[in-house]
């Protein structure tokens, strides 16, 4: 974990832009990360790489930063060939309907909620971004689980959307 503050944005609103994340991941270059608020080790003992290593092979990871996707492909493709990495905006997913059983959101909702103004009285743009993210998640996994793991965990908690799938979990998406 890095504490290099040079990766921090000029304003809170920058967290909601693709350009910020693209530049940040280029600076970090896969070596270190300032993503301290919710590491897999801190939140869940098993997430994407750990889950893969424990036998969960149908894992799809998305981010709209091409720099991050390239870094993750380079780092994991040889040792975890079935794991997929896609550059994609969570608000405009290209997956087929009903193609995932579980979606884990590690910070995406936080980034979408960084518009100007009061977080407790978000702007119409923020509401629309969050609504599109949730709508897309429901489209690709309508009978499944969506876990949102925001930095404000104590305020919003984990939430489940719709009902739990009764079938074995097969396909996971990380955003």
Exercise. Within region 43-57, count every residue that is on the phi < 0 side of the Ramachandran plot, at pLDDT 55 or above and surrounded by fewer than 17 Cβ atoms within 10 Å (Cβ to Cβ).
Key: 4
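Conditions (1) surrounded by fewer than 21 Cβ atoms within 10 Å (Cβ to Cβ); (2) modelled with pLDDT under 50, marked per residue:
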position: 95; (1), (2): yes, no
position: 106; (1), (2): no, no
position: 119; (1), (2): yes, no
position: 127; (1), (2): yes, no
position: 162; (1), (2): yes, yes
position: 165; (1), (2): yes, yes
position: 168; (1), (2): yes, yes
Exercise. State all residues of region 72-93 that are part of a loop (DSSP other than H, G, I, E, B), modelled with pLDDT of 90 or more and closer than 29 Å to residue 129 by Cβ; if no residue qualifies, say none.
Key: 83, 88
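The values are calculated or read from the model by the stated rules, or taken from the named source; none is laboratory data. Nothing here was measured: the structure is a model prediction, and the numbers come from that model. Neighbour counts are summed over all protein chains in view; Cβ atoms, including those assigned to glycine, are modelled from backbone coordinates with ideal geometry.
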